[in-house]
Amino acid sequence: LLNAIEPGLGLRVNEVSSVTGKGKHTTTHLEMFSLNFGGDIVDTPGIREFGLWDVEDEDLALFFPEMRPLVGKCKFGLDCAHNEEPGCAIRKAVTAGEISPNRYQSYIRLLVDA
């Protein structure tokens with residue numbers, strides 16, 4: 001998957017198991033890669049799920065750099081969860097195309113799963 005996202009990485013891959021239909025692990029250590037189109041991705045051995053801990057709901061938007069400048073500028077100030085509240089500056093920015101809808105949906109999924 002990482003080679004498809006960033007072809008220049010040239011990471012070693014293994015065949016798919018005929019028994020499970022899943023790929024066999026080749027990663028032996030945690031490694032972070034910077035992506036040419038922006039952002040970073042972490043390859044982790046054996047990790048199938050990633051979550052956040054010790055992040056309060058009201059702080060979650062601060063972990064999205066494109067949302068950070070808008071935190072506190074909503075109708076309800078710092079009490080806005082940026083989900084369904086009227087006058088939300090972040091939702092307005094999504095509608096205006098200033099924040100990617102995909103990034104906003106990632107934020108909402110993390111907020112709901114927290």
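Under 8 Å between Cβ atoms, at least 6 apart or on separate chains: pull out the pairs that start in the stretch 89-114 with a residue that is surrounded by 12 or more Cβ atoms within 10 Å (Cβ to Cβ) and end on any residue that is basic (Lys, Arg) and modelled with pLDDT of 95 or more.
The qualifying pairs are Ala89/Lys73; Tyr104/Arg91.
Only residues that are surrounded by fewer than 12 Cβ atoms within 10 Å (Cβ to Cβ) and either within 18 Å of the chain's Cα centre (by Cα) or under 22 Å from Gly38 (Cβ atoms) (or both): list them for the stretch 69-88, please.
Pro69
Considering Leu60, Leu70, Leu78, Leu35, which residue is touching a Lys or Arg at 6+ places or on another chain (Cβ under 9 Å) and at pLDDT 85 or above?
It is Leu70.
The values are calculated or read from the model by the stated rules, or taken from the named source; none is laboratory data. This structure is a prediction, so every number in the text was calculated from the model and none was measured. Glycine gets a Cβ as well: all are built from the backbone with ideal geometry, and neighbour counts include every protein chain shown.
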